Structure formats: structure tokens, C-alpha cells
Amino acid sequence: MAIKSDRWIRQQATEHQMIVPFSEKQVSAGVISYGLSSYGYDLRVSDEFKIFTNVNSAIIDPKAFDERSFVSVQAASVIIPPNSFALARSIEYFKIPRDVLTICVGKSTYARCGIIVNVTPFEPEWEGFVTLEISNTTPLPARIYANEGLCQILFFQSDEVCETSYADRKGKYQKQQGIVLPKL
């Protein structure tokens, strides 16, 4: 398995619509950078957020998720409370090739502020908008900016095609459109 370069990512994005919309260059003037980098792609967070709160004393249970545990916000930026987190979605829609697996890593600008981004791998033949989990690990409120970079996606191509892809398994998060909550 090998990490893929900007040339490969550009080709896949433009010829096979692997990333839509696709920013062919790193955009950084006055914003937290996004777009194509040397060996990855910095995705942008949309202006849709679900900020977790304990105001309703709900319990986080992945098998019985209670939507009263968050507040939905649409804004140019949001504040994540101390030691809390939010869900968001990417602006970009991804279509992952059958022989590729991705890994998401946080951007250093947010990491230096105590913000951690957690995204599970994009499996072979998964497609959709990415649901992002943004954790504020600090004792202070933290601001997240919509329409700017949030995390970097690294693409790994295998030397052989997988036997069973995410699409073959009819994965429960296939072709997700918005911020998708836990499913069984």
C-alpha cells in the first residue's frame, strides 16, 4: 500500500470525480488552508453543525441515540464549549476508488488550539459527504470556521483490489448527505 501524491489525487478528482468540489491548489490567504497538498487533500467544513450539550441530561448511546443531546446551528463560525464536541459535515463529496483507503488527520492550526478532529477511514467504494467530529479538549470555548480547512485526508492505494468493498456490503453510511448520526 502506498500513499498517493498530489498528481494522483488531481487525476482521480478531475477524471473520476473523487472529490467534488475540488480545489486544485492550496488556498490559504486569510483562511485556515484547504485544497490539494503534496500528499493529501485538506477538506473544508460546511456551515452546518450539531453542538453537543447536556441541557437535557441525555445520555450518549450509539445504539439509541437521543437527538436532544445536541443543538443544530447553521453559521459562518461556531463556538464549541469547553471539553465538548460538535458534529459537522464536509463541503466536499467523496467517491473513493475500490483499491483506495483514506485516513484523516487534524490540521496543525486547530491542533495547536487543542482541537482534535476524528473521522473514521473512508473505505473502498464509500461515497458521501463526510460527517466530522470536532473535539474541544481545552477548558476554554473554541471557535471553528465554516468554509475553511479542518482536516487532511491521506489516500492509500493498495497493490490489489479488495474482495468486498463498502458498497458491496451496502454500508449504512453510504451516500450520506448531511450530518449523519449513529446508526445500527
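Count of the stretch 57-75 residues, restricted to those that are in contact with a strand residue (DSSP E or B) (Cβ under 7 Å, 6 or more places away or on another chain) and in contact (Cβ under 8 Å) with a residue 60 or more places away in the chain, is 1. The residue pairs whose first member lies in the stretch 44-56 and is under 9 Å from ALA88 (Cα atoms) and in contact (Cβ under 8 Å) with a residue 24 or more places away in the chain, whose second member is assigned to a strand (DSSP E or B) and of a type in the set (Val, Ile, Thr), and whose beta carbons are closer than 7 Å, counting only pairs six or more residues apart or on different chains, are VAL45/ILE144; SER46/ILE91; PHE49/VAL73; PHE49/VAL78; ILE51/VAL71; ILE51/VAL73; ILE51/VAL78; ILE51/ILE80. Of all residue pairs spaced 6 or more apart or on separate chains, those with beta-carbon atoms under 7 Å, a first member in the stretch 147-165 that is at positive phi and a second member that is surrounded by 14 or more Cβ atoms within 10 Å (Cβ to Cβ) and of a type in the set (Asp, Glu) are ASN147/ASP47. Those strands (runs of 3 or more DSSP E) of the stretch 87-160 in which at least 3 residues are among the aliphatic types (A, V, I, L, M), considering only elements entirely within it, cover 100-106, 115-118, 127-136, 149-157. Taken as a whole, the structure places ALA64 among residues that are under 30 Å from ASP168 (Cβ atoms) and assigned to a loop (DSSP other than H, G, I, E, B).
Check whether at least one residue in the stretch 16-28 is β-branched (Val, Ile, Thr), outside any helix (DSSP H, G or I) and closer than 17 Å to TYR93 by Cα, and report yes or no. Yes - at least one qualifying residue is present in the stretch 16-28. Considering ILE153, ILE115, ILE59, the condition of being under 23 Å from PRO182 (Cβ atoms), exposed (fewer than 15 other Cβ atoms within 10 Å of the Cβ) and of a type in the set (Val, Ile, Thr) is satisfied by ILE59 alone. Checked against (1) modelled with pLDDT of 95 or more; (2) under 16 Å from the mean Cα position of the chain (by Cα); (3) surrounded by 14 or more Cβ atoms within 10 Å (Cβ to Cβ), ALA142 meets all criteria but (2). Every test in (1) modelled with pLDDT of 95 or more; (2) under 24 Å from THR53 (Cα atoms); (3) part of a loop (DSSP other than H, G, I, E, B) is passed by LEU184 save one, and that test is (1).
Can you find, within the stretch 156-184, the residue that is nearest to ARG44 (Cα to Cα) among those that are surrounded by fewer than 15 Cβ atoms within 10 Å (Cβ to Cβ) and among the hydroxyl-bearing types (Ser, Thr, Tyr)? The selected residue is SER158. GLN11 meets the conditions (1) in contact (Cβ under 8 Å) with a residue 40 or more places away in the chain; (2) outside any strand (DSSP E or B); (3) not aliphatic (A, V, I, L, M) in every case but one. The failed one is (1).
The values are calculated or read from the model by the stated rules, or taken from the named source; none is laboratory data. Source: prediction; values computed, not measured. Methodologically, a virtual Cβ is constructed for each residue, glycine included, from the backbone with ideal geometry; neighbour enumeration extends over all protein chains shown.
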